[in-house]
1. Going 7 Å from the Cα of residue 870 toward and past its Cβ, which residues in the range 842-859 have a backbone nitrogen under 16 Å from where you end up?
2. Within a 10 angstrom radius of the beta carbon, how do 695, 409 rank from fewest other beta carbons to most?
3. Rg and Dmax in Å for the range 453-612, alpha carbons only: what are they?
4. Hey, with R₀ at 41 Å, roughly what FRET efficiency would residue 319 and residue 248 work out to, going by the Cβ-Cβ distance, to 0.05?
5. Could you please rank 403, 418, placing first whichever residue has the fewest other Cβ atoms within 10 Å of its Cβ?
6. Place a +1 charge on the Cβ of each Lys and Arg in the range 167-217 and a -1 charge on the Cβ of each Asp and Glu, then give the dipole magnitude about the Cα centre in debye, rounded to the nearest 20.
7. From the cross-link list 190/796; 153/174; 58/153; 816/850; 626/796; 822/850, which pairs have alpha carbons spaced over 22 Å apart?
8. May I ask which residue of 209, 275, 233 lies farthest towards the positive end of the charge dipole of the range 187-301, with charges of +1 (Lys, Arg) and -1 (Asp, Glu) on Cβ and the Cα centre as origin?
Amino acid sequence: MIASPMVAVRLRTEYQANPLGLGSTCPRLSWWIDDARPGARQIAYRIRAASAKELLTKDKADVWDSGRVESSEQSQIDWGGSALASRQRILWDVRLWDADGSAGAASEPATFEMGLLDPADWTAAFIAAPIEGTGLVGAPAPMLRKSFDLPAKVRSARLHITALGLYEASINGKPITADWLRPGWTDYRKSLGYQTYDVTEHLNPGANAIGAVLGDGWWCGRVAGSDRGLCWGTRPALMARLEITLADGSTVRLVTDESWRWTTGPILNADLIRGEEYDARREIPGWDAAGFDDAGWAPVVVEPFPQVALEPSMAPPVRELMEIAALGNPVRKGASWDHSTFIYDFGQNLTGVVRLRLTGPRGCTVVIRHAEALKPDGNLDVSNLRSARAIDHYTFRGDPAGEVWAPRLTFHGFRYAEIIVDNAWLKPEHKPKLEFTRHSAAAAVVATDTPDSGSFECDQPLVNQLQSNIRWGMRGNFIEIPTDCPQRDERLGWTGDTQVFAPTACFNAEVAGFYTKWMRDVADAQVATGAIPAVVPKPTAGWEWDGEAGWADAVVNVPWATYQAYGDRRILEESNPVITKWMAYLDSTSRDGIRAHKDHKGHNGFGDWLALDAPNSDPGQSATPKDLIATAHWAESLRTAARIAEALGHGSEATTYLKRRDAVIAAFNREFVAPSGRLAPPSQTGYLMALAFDLLPANRREFAVGELVRLIDQRGGHLSTGFLGTPLLCPVLTRFGRADVAHRLLLQTTYPSWLYPVTLGATTMWERWNSWHPDTGFVEIGMNSLNHYAYGAVGKWMYATIGGIDIDPEHPGYAKVVIAPKPGHGINRASASLDTPRGRVSTAWKVEGKDFKLDVTLPANTTGVVSLPDGSTREIAAGTHHFGCAMK
Ligand code: BGC
């Protein structure tokens, strides 16, 4: 009998809905709770798992029946059933008991399927076309294919697939997925991702064919400013395994081996940084369909099997997230006897590609160039792209019905695109056909498809645009790994940028899987000394900046931010051995409690990168000494490592770290703090670190806050901070009672400030506080991007302090939610929402005259503590609550 309306919904396994190809033999199960009753609470659950749906229906859970478990946990419940085998498919559901002890109905069942747990399961080879191209241009993209027959109808089929490079696979002419840039980017010396797709619907009894186009991607394309083929490999290769269960239960297996054949087709070359060249006249109709005659194709070569761990992809894939239309018809520029140039404005700086929809004569080529900005004369300004060519070419096959094309083996960072047509080539009768309208080109936005989880809005339109810019900055730089920028020849996993932005990312989107995967990349990248490189994955040549303060500290900060937001202990467990080595590295490279001391031989960090109080134009120099920054980060790394150890139940490890931290703090005060309490030399960032990381004795804090505010006032209410200081500004000022100054900085519109770029029309976060100006263009071209998310790290404070939704560090994963909006100081209305692991939290508040009104909704099975501006606090349970008080 069902007595309770409480039911589990949105079932997830390892953060995914019905995933295929899991790698963990102890997957974690989670759910949200549908129960609108105020105070609704789960007191127990029962998970049932079976090998077939009928068994669940008949209550015959043959794989696992947890029985009634007295627990309020609803997130990341460890698998407790029988050992899971390679490719095993599981159906599971969950039934909940509410606070009255009544059970609700069982949830709708969810599924998951295991991946290939043993490398021997693959029985496939890496196959390639024996072509390599030159260092710069590359070879045509190889097309690989294989025909096969199936004796009967197909019951189910799975394709396990990976590549060194990128693959685009299809079966019987139909793409196996809309995902992009598969199998993704890892440190190919150690790990390689693979995917599993359900291809049951792709197959037929009788003749079938499978095909794949290969791209260079990160494996052998241009990476880290180097030429093609210098980082990992020199040509792409494919490995796939198709397992088909026929109607009679028998299985047929098809793997990549020497029997496959290859040729080249329309993609003349493709590189992530250079762009793609596509000649549609060279398309081979039907090449990936049954019945195609590949007698003229050559046999593939089998490549040596790389010594890597094959890891099923954990993170959401890169996908096309949306298509954006041009703002209007393109502007015709530079029309001459031999060229026509059309400039499109998509109104949004973004990462992706241009999709053409055009009719053109056979053999005519259009060239597509990409840029983030225009010059004052309206032409593209590509000066900040450095050596990134970022140009695509398309040659028409001459289809009178029109042609639609977008490259798939590259991506660019751009707001504007220029399409150039060779007029001289066009015969008079063709000219009218190549008409460029608003609809001839659109921008396809391509990024890792981390589900959006947060929303934020307030009564200040410029702040709302800032929030949009932060989100777009994140979208543009979440491509397989967290990157610094998507447009110039860099696009690397800079650890500093990542660690400052991670807490904000956890509000904007569900990024637990994304960071879990990247932390594995961090483990792969850790060097023998224990240092963490400045970029992860670390390219094989150059890039020897390991262990830099505020960059390498990502090794503790990213797992900790993920744990706080999702309650994910496993990312802590997996990262802890890496952290232990990192802590030993810090000990070994420091002296007398000072990190990166004067005798330290290595590079001593990037400082407060791009701060504005630098004594010279070196972007790594600032008024804040590097050894102060490094020592402060060491102390904070120790505190975070201690918290991680504590969360994992490693008490003595935590005590050791905290003892060490005391010594580092003593050294910090000895070395950098004058008896007056003044930092020498004084800087906003110095005081911010001293306060944020609790490095000062309690009796010196007030003085430090005063000095910080004085340094801000001295600059007319402006910040002077770089990548490391900026994220601390608003949180520190708010924590120490100066929310007024924090708001003043946020709402500042003159340079330097967060809103200054917004007033100039920015649609993403800029790398520099003054990256660009309409009169002068880019202030600097050697290192300047309009899509760099580091300064977007203020986003977490906006959600927490303006929106009013924050994490209770004692209750990671939002079992208890902190609701403490700080109204006023120029903002009189705000609302926010967040999809937490337990459901959606939302807030909405406004100031009306002298009154403050707040609405809060908490999902079932959570509690919260609300702090009102009159200083009162209330404990609340699930449900919707309305509060009001007088403004102070
Ligand atoms: C990157 C930054 C990075 C910095 C560190 C730059 O080139 O774009 O985001 O953190 O270098 O030096």
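1. 846-855
2. In increasing order of surrounding Cβ atoms, one gets 695, 409.
3. 16.6, 52
4. Between residue 319 and residue 248 the formula returns 0.70.
5. 403, 418
6. The dipole of the range 167-217 has a size of about 140 debye.
7. Violating the 22 Å Cα-Cα cut-off are 190/796; 58/153; 816/850; 626/796.
8. Final value for the positive-end residue is 233.
Every number in this text was worked out from the coordinates using simple rules, so none of it is lab data. Keep in mind that what you see is a predicted model, and the values were worked out from it rather than measured. Counting neighbours? That spans all protein chains shown, and the Cβs are built from the backbone with ideal geometry, glycine included.
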